[in-house]
1. Would a scan of region 60-69 turn up a residue that is open to solvent by 60 Å² or more (accessible area, probe 1.4 Å), modelled with pLDDT under 60, out of contact with any Pro (no Cβ under 8 Å at 6 or more places or on another chain) and polar (S, T, N, Q)?
2. What's the number of the only condition in (1) in a helix (DSSP H, G or I); (2) without any contact (Cβ under 8 Å) to a residue 24 or more places away in the chain that residue 11 fails to meet?
3. When you scan region 18-28, how many residues do you find that are open to solvent by 60 Å² or more (accessible area, probe 1.4 Å) and either over 11 Å from residue 48 (Cα atoms) or touching a residue at least 24 places away in the same chain (Cβ under 8 Å) (or both)?
4. Restricting the search to region 14-32, which residues are within 14 Å of residue 45 (Cβ to Cβ) and part of a loop (DSSP other than H, G, I, E, B)?
5. Could you tell me which residue of region 34-48 is surrounded by the fewest Cβ atoms within 10 Å (Cβ to Cβ), considering only residues that are under 12 Å from the mean Cα position of the chain (by Cα) and touching a residue at least 40 places away in the same chain (Cβ under 8 Å)?
Amino acid sequence: MAALVIALPQEAEGIGGYPIYISGCGKVNATIATMKAINDGHKFIINFGSAGTVSDVTVSYTHLRAHETV
């Protein structure tokens with residue numbers, strides 16, 4: 001099963017069915033959360049976010065990267 005690494009709790013609202021790791025902002029925090037997901041046995045990890053925009057305004061761009069671990 002895929003796991004999601006998400007920086008902000010607001011970005012995870014409405015997402016269900018996946019283990020979610022809230023990392024906080026920044027590459028180091030994302031790396032730490034990714035390593036936790038790997039240590040928990042996840043083989044497919046998606047780093048998902050809104051590129052820093054969390055508001056009531058509709059955003060047309062979302063940041064989505066998938067990393068498969070060996």
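The values are calculated or read from the model by the stated rules, or taken from the named source; none is laboratory data. Bear in mind that the values here come from a model prediction, so they are computed numbers and not experimental data. Using ideal geometry, Cβ is built from the backbone for each residue, glycine included, and neighbour counts are taken over all protein chains shown. In case anyone asks, the SASA skips ligands and DNA or RNA and just uses the protein heavy atoms, side chains included. Shrake-Rupley method; radii C 1.70, N 1.55, O 1.52, S 1.80 Å.
1. Yes, the conditions are met somewhere in region 60-69.
2. (2)
3. Selection size over region 18-28: 4.
4. Within region 14-32, 18, 19, 23 qualify.
5. 44
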